[in-house]
Each structure stands twice: as C-alpha cells, then as structure tokens.
Amino acid sequence: MEENLDIITIGEGLIELSTSTSLKNSGCFDKYYGGDTLVSAIAALRSGSSVGYITKIGNDSFGEYLLDAWQGEGLDSSHVKLTKGKNGVYFAGCNQNDNNKREYQYYRQKTAATTLSVDDINFDYIKKAKLVYATGFVQSLSLSVREAVNEVFKFAKENDILTAYDPNCQKNNTNEEEALENFNMISDYIDIMFIETKDAKILFGTESVDMLITRLSDLAIKTVVVKDEINGVTIYENNDTVNIKPVDFEMIDYTGVSNAFNGAFLSKYLNGITAYNAGKYASALCMLQMQNIGAVKSIPCKEVVEEYCGKIYG
C-alpha cells in the first residue's frame, strides 16, 4: 500500500469485451476492463499520479484477472475487497452500417460492487490521499454505495482533503430525480466539479455554460470544468473563466473519454499545473485515446500525451 496517494477513487470494476465491428456480427472480442471512475484512475496513473481504488469485486472467473491487471498497472488495490458474487460485464462494438456508431450492452445488476458499504471504508486510508473522486453513476449503484460515497466526501471535507465529482448521469441507471438527489447530498463537500452540458440539462434544466458556472459557483464549488461537444472545455476558477476550443481529428472510439479527461486533469492539477494547462493536457490525452478502441487500454502514457499536447497547443 502507498504511504501517501495523490488520488483515491471509489467505484466498480467491469470486464470490457470490445470489438471493432458490430456486436451482432463480431466473432471475437478483446478482453480488458472498465468502469467510469476506474477509467479516471488509470488516466491519472498513466499521467504520473499515485492512485488508490476502493471497490468490491466478485470471486468469479474474472475476479483474479481484475486484481492482477490493476496491480500490474500500479494501481493501489490494497483496499479492494474480494467477496462472494459476480462482476459486471459490458460489450462495446461499432456499427459500420450506422456511421460507425458505438454500441454498448451492459450486464451489471446485483454485482459485487453494489454491496460496497460504509463498513468497507478504512478512513485512515482516505487520510493518505490529497483528493478523493467519485461520480453520480457510482452513487447510483446502490443505497449502500451512495451512503459510502457521501460519508467519504464528508470525511474528506472535515479533514482538508480535496474532493472531485462528476454527476455522469446515465439514463439506463438512474432517473433525473435520483441524479439530482445524488448531487444535492454531497454538493456541500465538492471542491472540483466536472460536468457535461448534457448532464447539466438533466440536473439543472440548462445547457448554458454561463448559467451553469453561476449556479455551481454559488454553491461554493471552487473549480468547475464544463465539457461541451461544440464549445469545448470551459474552466472556472478564482472568478476567472478560460476556454479550450475543440480540435478536429479522426475519432475511432469515444468509450470512457469523459472519464479519462477527469483523471488526466486531476493528475496534472494536483501536481501544481494551472487548471487551463491541465485542461489542455487532458484534452490531448482524450484525443489520443479516441484514436484507438477501448476505454482503458487506449489511454496513452504521459510522455506521449505531453508531446502531442505541445504539437496541438504549442
């Protein structure tokens, strides 16, 4: 276990089975792993941060694979608990008959990750982190997971540990009312907020970047990062707003891209880089990630990203 960690994330580990063709027609799949906060964790890790992960994984055929893969990556999994149960799986494909639209099929109900509770949290471990990170998607796994996230964020606030949050609303996992309730339960504890405009529409009824920043800054959230397909990334901090315009490039797969942005941003931000430059680095990482298939296996290392970032942004 790391004596000190830059980031601790809470979430679920999923088995990813991906293909470059449609799910209907594919005869074989590449096995890897995914999960929204797990993608963020690996993006931060490959960007140079020390990262810990908190979850529960099932003792099915995939459990040991997940542990071995994370340990091989360098992810601190000392507080990942192996328990009786199954692990979630998702399939990712590409439909060439529909403009290469990505296809997803999830099997993740009543998995081991949904049984995580406050009793599984070692709060002395949380004290070792500079920052803790979770999402509304993780909160929606179960009532016990939501309580665990809430208590960790509250504890972090009380102990001067930074917190970061992304609502990551998923219509197939939660409704608008539940998504807003998840956010409201921990809004007083959030230091850094990531949000896509599509999620802002669900939570607050607006896609206006200016209105969203006003709304969140009024809640005393210190740093707000708004992601929009058309306008790019807008970052608010210290009463100042900067924008990173989108760049045209060839995209193959956008699986997990928003989550990877968050991890990359946090890694650089915690290492003293300005929010603006952290946003440029994270954007460059995502562009590289989207040129390959898979949520995690396509995340590049920091040296490649830094070189690419320099070419794009100077």
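With respect to the stated conditions, TYR65 fails to be surrounded by fewer than 21 Cβ atoms within 10 Å (Cβ to Cβ), part of a strand (DSSP E or B), of a type in the set (Phe, Trp, Tyr) and touching a strand residue (DSSP E or B) at 6+ places or on another chain (Cβ under 9 Å).
Regarding region 259-269, can at least one residue be identified that is surrounded by fewer than 23 Cβ atoms within 10 Å (Cβ to Cβ), among the hydrophobic types (A, V, I, L, M, F, W, C) and in contact (Cβ under 8 Å) with a residue 60 or more places away in the chain? So that I can check it myself, show each step before the final result.
Applying the first criterion (surrounded by fewer than 23 Cβ atoms within 10 Å (Cβ to Cβ)) to region 259-269 yields none.
No, region 259-269 contains no residue that is surrounded by fewer than 23 Cβ atoms within 10 Å (Cβ to Cβ), among the hydrophobic types (A, V, I, L, M, F, W, C) and in contact (Cβ under 8 Å) with a residue 60 or more places away in the chain.
A single member of SER208, SER187 is in contact (Cβ under 8 Å) with a residue 12 or more places away in the chain and at negative phi, and it is SER187.
For region 102-172, please list each of the helices (runs of 4 or more DSSP H) lying entirely inside it that holds at least 2 residues being touching a helix residue (DSSP H, G or I) at 6+ places or on another chain (Cβ under 8 Å) and surrounded by 15 or more Cβ atoms within 10 Å (Cβ to Cβ).
Ranges flagged: 136-139, 143-158.
From the list SER40, SER26, SER20, SER49, the one residue that fits, being under 23 Å from ALA134 (Cα atoms), assigned to a loop (DSSP other than H, G, I, E, B) and touching a Ser or Thr at 6+ places or on another chain (Cβ under 9 Å), is SER49.
When region 81-101 is examined, which residues are found to be open to solvent by 20 Å² or more (accessible area, probe 1.4 Å) and part of a strand (DSSP E or B)? First the steps, then the outcome.
Pass one, region 81-101, residues open to solvent by 20 Å² or more (accessible area, probe 1.4 Å): 81-86, 89, 91, 95-101.
Residues satisfying the conditions are LYS81, LEU82, THR83, VAL89, PHE91, ASN95, LYS101.
Tallying residues that are open to solvent by 30 Å² or more (accessible area, probe 1.4 Å), within 17 Å of GLY263 (Cβ to Cβ), of a type in the set (A, V, I, L, M, F, W, C) and in a loop (DSSP other than H, G, I, E, B) within region 287-314 yields 1.
Would you mind stating whether ALA284 is without any contact (Cβ under 8 Å) to a residue 40 or more places away in the chain, in contact with a helix residue (DSSP H, G or I) (Cβ under 6 Å, 6 or more places away or on another chain) and either farther than 17 Å from ARG102 by Cβ or surrounded by 15 or more Cβ atoms within 10 Å (Cβ to Cβ) (or both)? Yes: the conditions hold for ALA284. The single condition among (1) in a helix (DSSP H, G or I); (2) open to solvent by 50 Å² or more (accessible area, probe 1.4 Å); (3) closer than 30 Å to THR19 by Cα that GLU181 does not meet is (3).
Report yes if ILE186 is farther than 22 Å from GLY263 by Cβ, in a helix (DSSP H, G or I) and open to solvent by less than 40 Å² (accessible area, probe 1.4 Å), otherwise no. Here the answer is no, as ILE186 does not meet what is asked.
The values are calculated or read from the model by the stated rules, or taken from the named source; none is laboratory data. Quick caveat: nothing in here was measured; it's all calculated off a predicted structure. Glycine gets a Cβ as well: all are built from the backbone with ideal geometry, and neighbour counts include every protein chain shown. What goes into the accessible areas is simple: the full protein's heavy atoms, side chains included, and nothing from ligands, DNA or RNA. Shrake-Rupley method; radii C 1.70, N 1.55, O 1.52, S 1.80 Å.
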